[in-house]
1. Inside the stretch 73-91, can you point out the residues that are modelled with pLDDT of 95 or more and of a type outside the set (Gly, Ala, Ser)?
2. Determine which member of the set GLU119, GLU138, GLU84 is crowded, with 17+ Cβ neighbours inside 10 Å, farther than 20 Å from TYR29 by Cβ and out of contact with any helix residue (DSSP H, G or I) (no Cβ under 9 Å at 6 or more places or on another chain).
3. So ALA56 ticks every box in (1) small (Gly, Ala, Ser); (2) at pLDDT below 95; (3) crowded, with 19+ Cβ neighbours inside 10 Å but one. Which box is left unticked?
4. Can you say whether GLN131 is among the polar types (S, T, N, Q) and at pLDDT 95 or above, as far as the supplied structure shows?
5. Give, as residue ranges, the strands (runs of 3 or more DSSP E) completely inside the stretch 129-200 that count at least 3 residues that are of a type outside the set (Asp, Glu) and touching a residue at least 40 places away in the same chain (Cβ under 8 Å).
6. GLY124 - would you say it is farther than 20 Å from GLY90 by Cβ, over 15 Å from the mean Cα position of the chain (by Cα), at pLDDT 95 or above and surrounded by fewer than 17 Cβ atoms within 10 Å (Cβ to Cβ)?
Amino acid sequence: MRKWFVCIALTTAMLSFAATARAVDVLAYSYEVNNLFGPDGFFGLGATVTQDTIGATHLQHSMKYDVGTGGFVGARTESVIPPELNDPPGVDYVLFDMFVPAAYQGTFADIGVTVFGHELNAPGGPVFGQQVQFADTEPIAGKAPGQYFDLKILLNQSVGPYRSGESFNQIFGPGPTDLTVASAFQFYISKNADVPVTVYIDNVRLGTSVPEPASFALLGMVGAALSMFRRRCR
């Protein structure tokens with residue numbers, strides 16, 4: 001009995017170790033470039049978007065996202081689209097740092113991500129500006145004033161209006177019904193319409209998980225190890 005327990009434990013450990021993965025994060029927006037459209041090409045849709053130095057965690061600048069009234073507002077870029085958004089298997093999550101200057105006074109406020117894209121191979125011809133809003137959000141309400149690092153928004157489930165329930169990597173890709181070109185990236189804030197909120201965003205990274213290089217070799221070794229353990233455990 002003890003021999004079986006040891007064999008199972010060793011096998012499980014090897015499988016777990018072989019399956020480990022590391023995150024690969026690529027800096028997408030650092031808000032160091034301020035042009036006609038605003039910092040890194042972002043402009044406000046019902047909000048004011050400006051370059052600032054408050055809350056900067058990468059180099060000098062950050063993006064000030066200032067919302068007065070309005071229940072759903074966006075900070076969107078159409079002029080700077082990271083290549084990772086058009087390089088399937090693409091992106092699993094968005095990481096960013098955020099500075100909150102004052103506690104939010106309303107009952108709810110959340111920040112989320114929308115990616116827009118062009119479906120160039122649609123059966124009836126190209127369709128432009130398809131909207132993919134993702135379900136995962138980061139709460140602003142309830143946060144004390146201060147700096148927050150490595151906030152993560154998962155891109156694993158669209159809530160529509162395009163292909164609800166699918167992930168970024170399922171929707172964007174080279175297939176005949178996929179969005180083959182990302183046309184815009186947006187941070188949106190959904191909140192009480194009559195309560196203002198201001199946040200500072202910086203160091204926006206696009207991330208995916210890939211197997212460790214050693215894991216590929218380990219996966220090959222696991223099969224041999226399982227055979228050996230099976231013989232010893234008889």
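1. The first filter runs over the stretch 73-91 and keeps only residues modelled with pLDDT of 95 or more, leaving 73-77.
Selection gives VAL73, ARG76, THR77.
2. Working: GLU138 fails: farther than 20 Å from TYR29 by Cβ; GLU84 fails: farther than 20 Å from TYR29 by Cβ.
Sole residue among the options that is crowded, with 17+ Cβ neighbours inside 10 Å, farther than 20 Å from TYR29 by Cβ and out of contact with any helix residue (DSSP H, G or I) (no Cβ under 9 Å at 6 or more places or on another chain): GLU119.
3. All conditions are met except number (2).
4. Working: among the polar types (S, T, N, Q): yes; at pLDDT 95 or above: no.
Considered against the rule, which asks whether it is among the polar types (S, T, N, Q) and at pLDDT 95 or above, GLN131 comes out as no.
5. Details: elements: 146-154, 158-161, 181-191.
Answer list for the stretch 129-200: 146-154, 181-191.
6. Working: farther than 20 Å from GLY90 by Cβ: yes; over 15 Å from the mean Cα position of the chain (by Cα): yes; at pLDDT 95 or above: no; surrounded by fewer than 17 Cβ atoms within 10 Å (Cβ to Cβ): yes.
Spelling it out, it is not the case that GLY124 is farther than 20 Å from GLY90 by Cβ, over 15 Å from the mean Cα position of the chain (by Cα), at pLDDT 95 or above and surrounded by fewer than 17 Cβ atoms within 10 Å (Cβ to Cβ).
The values are calculated or read from the model by the stated rules, or taken from the named source; none is laboratory data. None of the values given here were measured: they were computed from a predicted structure. Counting neighbours? That spans all protein chains shown, and the Cβs are built from the backbone with ideal geometry, glycine included.
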